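Take a look at the structure below.
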Amino acid sequence: MKILVVDDEQDVKSLFEQRFRKEIKDKEIHLVFAFSGEEALLFMNKHEHEAVLILSDINMPGMSGLDLLKNIKKNYDKPSPIVMMITAYGDDENYNEAMSLGADDFLTKPVDFNQLKEKLKNKYHD
């Protein structure tokens with residue numbers, strides 16, 4: 001499963017690589033990183049059907065995760081990738097907006113990696 005992780009914080013890359021070390025080694029998961037919404041769209045344009053799951057931060061400079069979500073759900077529908085939103089703010093407003101825009105799931109920071117792995121295994125594994 002190819003996962004595109006979108007977050008403006010560079011240290012997210014080493015965190016995800018560390019937490020998914022076994023799954024990466026076993027070739028169950030392939031992680032790709034974008035550090036802005038704009039960078040994520042460039043990746044999607046070049047690799048349209050590669051990322052089956054996108055984990056996106058909501059609060060980023062420039063294009064927000066919600067703007068990215070809107071764009072993905074509008075322009076990538078055959079098949080649409082699964083989009084999980086991640087935010088440090090687990091408030092109802094962000095949650096409701098993300099869900100109304102078509103988010104498939106919603107996580108709060110700090111990410112509970114055990115919960116994320118369970119979701120990936122149970123809900124989104126091919």
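Pull out a ≥ b ≥ c, the square roots of the eigenvalues of the alpha-carbon gyration tensor of the chain, then state rounded if a/c is under 1.5, prolate if not and a/b is larger than b/c, and oblate in the remaining case. It is rounded, given that a/c, with a ≥ b ≥ c, falls under 1.5.
Once backbone amide H atoms are built at 1.01 Å from N, residue 5 has 32, 33, 34, 55 as its partners under 5 Å, excluding neighbours fewer than 5 places away on the same chain. Applying 0.36 nm per residue to the separation of residue 112 and residue 97 and subtracting their alpha-carbon distance, the gain on full extension is 3.2 nm. With a/c under 1.5 counting as rounded, go ahead and sort the range 38-88 into rounded, prolate or oblate using the C-alpha gyration tensor (a ≥ b ≥ c being the square roots of the eigenvalues; past the cut-off, prolate if a/b is larger than b/c, else oblate). The shape class here is prolate.
Checking the cross-link filter: which lysines have an alpha carbon closer than 29 Å to that of residue 74, excluding same-chain neighbours under 8 positions apart? Within the straight-line cut-off, residue 74 pairs with 2, 13, 46, 109, 117, 119, 121, 123. Looking at the square roots a ≥ b ≥ c of the eigenvalues of the Cα gyration tensor of the range 1-69, which shape do they give, rounded for a/c under 1.5, prolate if a/b is larger than b/c, or oblate? Oblate, since a/c reaches 1.5 and b/c is not below a/b. Placing +1 on the Cβ of every Lys and Arg and -1 on the Cβ of every Asp and Glu, with nothing else charged, gives the range 43-110 a dipole about its Cα centre of roughly 280 debye. Scanning residues 5 or more positions from residue 60 or on other chains, those with amide H under 5 Å from its amide H are 65, with H placed 1.01 Å from N in the peptide plane. Please tell me the relative contact order of the chain in percent, rounded to the nearest whole number, where contacts are Cα pairs under 8 Å and at least six residues apart. Relative contact order comes out at 23 percent.
FYI, it's all coordinate maths here, none of it is from the lab. A quick note: this is a predicted structure, and the numbers were derived from the prediction, not measured. Glycine gets a Cβ as well: all are built from the backbone with ideal geometry, and neighbour counts include every protein chain shown.
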